[in-house]
Every structure is written in C-alpha cells, then in structure tokens.
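A short write-up of the structure that comes next.
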Amino acid sequence: MHHLSDFDYNLPPEQIAQHPLPDRAASRLLVLNRATGNTRHLHFGDLRTLIPAGDLLVLNTSRVIPARLHGKRDTGNAEILLVRELADGAWLAMGHPGGKLKPGRRVTFGEDSAVEIVEVLGGGLRKVRFVGALDARATLAKYGAVPLPPYIRRPPTDADRERYQTVYATHDGSVAAPTAGLHFTTELLAQIRERGVAVTAIDLHVGPGTFKPVETEDLDQHTMHAEAYEISADAAGWVNKKRGTVWAVGTTVLRALESAVDANGLVRTGVSETNLFIRPPYDFKVVTRLITNFHLPRSTLLMLVCAFGRYEPVMAAYREAVREGYRFYSYGDAMAII
C-alpha cells in the first residue's frame, strides 16, 4: 500500500525545462524495460526503430486553448483559467485570487469582454458566464494567453503558441498540452508509419486537475477532476484489433483507453468523462507500452507511471534521469516504458 510520500524524489530546479529545444524530436529518451527494470539512454527519434512494425501508436489530438485570461476586478487584478464549457453555455473555470471571486462579481478583460462569477463549486472551481459583447471563444482569441504550467517561470511568448501544442493537435479543449506528443514532428510520424506502424488518435481534453497537487497522505482521499474524452469507432476498432501491441503516447491516452474498456477487454466508442485515478497496483487491460514525459513528485501522473512500469524500476529510473542531467516536465525529455 503506497502513500503520498513514496512518490517523492529530489530534482534540482535547474533541470526543470523552461524552454523547448529548437528541434522537437531532439529530446532524450530514457527507455525502461518494465519486466527487467533495465534502462537505455536514446533520443526521441530512435522511436523509428524502437516501435516494431505492426504495432499501434495512439495519439491524443486534443488542442490546447489559450485558456488563461488576465483581467480587472473592482479593486485589483484577477486571473481566470477556463476549463470547459457547460451544457447551459456557462463555463467551468478556476480563478485567482480565489477569496475575492464571489458570486455576482465581475472580471473585465476589455471594453468588449467580461465574466460574471455565477457559483463557487469547491475544489478551486467556479461557474462563470460571459456577459460582454464577446463570447468565450472570441474572448480567448483576443485576450487569451497560453496556459503554461506554473513551474515554467516566465511569461508565455508567441513561440509557445506553436510549441506548447502537438503538431497533430486538432480538437480544441485542453488547458494543458498532452506533453508526450510535443516531441513528435510530422516527419518522424511519417517515418514511423513508413516502417509499418499503425497510427490512430483519440481525444482527451486535459483539465487543470493534471496540476492539482495530491495533498492527502492517504491516496484514497484524493479526488480527481473529471476530464472529457472521445474515442471514434475507427480508433476503437484499431485498438481492439491490435490488442497486445498498443503504444499510448502520454498518460492522457492511457487514461482514456483504460477508462473506456468493457468487461470483455474491448474499448468502447463514444464521448464520456473519466476521473480514473491510476496508481499501484493497477491491472492494465489495454495499453502495453507507454511514451511519457517526466512528471512532478507526488503527482497523480507519476503514480500512474509507477503503476505501469512498477514502482521500484520507475523511481530508480527517475533518480537515474536526475543524475544524467535529463530535462524535466512539459518542455523536457521523454521516457518510453516497454
């Protein structure tokens, strides 16, 4: 039985990547064999030969929206992070300073755009409604900033609009990039396809829960924010046909596929939500290989990776990555667990 403190490791702050590398595919790739615990140090481009012909690579085509809005309230500044649209046209959002954003208060982004706080929902979430001339999408287009994670300690630049996005991103909805996919270039994907690897895609819209710290030593007490996902009939067909050879690009793909599996081990199609909290021990039913980035200590993402690659080998691999000077987190290096 694991506790929160089991998922700690020491990381020098200078190893938290603040900028992406000039070339997406130039990142390093730590390969962990989940059966033996052995590691190899490669580069991301080596996936061309690492993924066997006939295997299936599953991508997350969710697109990051410029979800961070800086505005003014009556007595100071405020920040709103949009999470997702609700059925009634209002939006789920997070706000700062939380104590000041009570129902009925407004945050203004410009003469043509403002939100009103409708309800405080708990867990840092609020319901807000756009009340200016511009709706949510027009506001984001005009005033929105790339929602870089808090550990990137610089303001976003124009370059981040492209680089904090996968080259295959298509469907708007994420407030954080599915970061394992940031390393792929269109050329690398083409080369992987040419070698006979099948490629398909699903959508899981990453919510702010991905950054929500786990604060309870007893992991059973942690609640996951729900995230929306969609699996097409085509994608489910590929995954079900290729059982035993499924490579998930990122924890988002893994969670969506493991959430959509039925009693017969087949992935269902359709739109749904998941608040699946994967941690050791966990019986994986769909995914056999995982490509992922290096995650924060004590995070649900690290717990998922430890469930997949086994606790001891993963934590040992993290310590090795620190020693070897790997770059960590969203703009950092990658890991393949095979």
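The values are calculated or read from the model by the stated rules, or taken from the named source; none is laboratory data. Since we're looking at a predicted model, the values are computed, not measured. When we count neighbours, we look across all protein chains shown, and the Cβ atoms used for this are built from the backbone with ideal geometry, even at glycine. Keep in mind that these areas ignore ligands, DNA and RNA; they rest on the heavy atoms of the full protein, side chains included. Shrake-Rupley method; radii C 1.70, N 1.55, O 1.52, S 1.80 Å.
The one condition from (1) closer than 24 Å to ALA226 by Cα; (2) at pLDDT below 95; (3) surrounded by 14 or more Cβ atoms within 10 Å (Cβ to Cβ); (4) over 19 Å from the mean Cα position of the chain (by Cα) that LEU140 does not meet is (2). For region 45-68, the criterion of being farther than 30 Å from SER232 by Cα and open to solvent by 40 Å² or more (accessible area, probe 1.4 Å) is met by no residue.
For every residue, the table says whether it meets (1) touching a Cys at 6+ places or on another chain (Cβ under 6 Å); (2) surrounded by fewer than 24 Cβ atoms within 10 Å (Cβ to Cβ); (3) not in a strand (DSSP E or B).
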| site | (1), (2), (3) |
| --- | --- |
| GLY265 | no, yes, yes |
| VAL271 | no, yes, no |
| ARG279 | no, yes, yes |
| TYR282 | no, yes, yes |
| THR292 | no, no, no |
| PRO297 | no, yes, yes |
| MET303 | no, no, yes |
| MET315 | no, yes, yes |
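When the strands (runs of 3 or more DSSP E) confined to region 1-88 are screened for residues that are without any contact (Cβ under 8 Å) to a residue 12 or more places away in the chain and among the polar types (S, T, N, Q), those reaching at least 1 such residues are found at 76-85.
So, THR216, is that one assigned to a loop (DSSP other than H, G, I, E, B), closer than 30 Å to GLY89 by Cβ, in contact with a helix residue (DSSP H, G or I) (Cβ under 7 Å, 6 or more places away or on another chain) and β-branched (Val, Ile, Thr) or not? Considered against the rule, which asks whether it is assigned to a loop (DSSP other than H, G, I, E, B), closer than 30 Å to GLY89 by Cβ, in contact with a helix residue (DSSP H, G or I) (Cβ under 7 Å, 6 or more places away or on another chain) and β-branched (Val, Ile, Thr), THR216 comes out as no. For region 44-72, a residue qualifies if it is touching a helix residue (DSSP H, G or I) at 6+ places or on another chain (Cβ under 7 Å) and either on the phi > 0 side of the Ramachandran plot or not aliphatic (A, V, I, L, M) (or both), and the qualifying residues are PHE44, GLY45, ARG48, ASN60, PRO66. Total residues in region 102-152 satisfying the condition of being closer than 29 Å to LEU296 by Cα and either touching a Pro at 6+ places or on another chain (Cβ under 6 Å) or part of a loop (DSSP other than H, G, I, E, B) (or both): the figure is 12.
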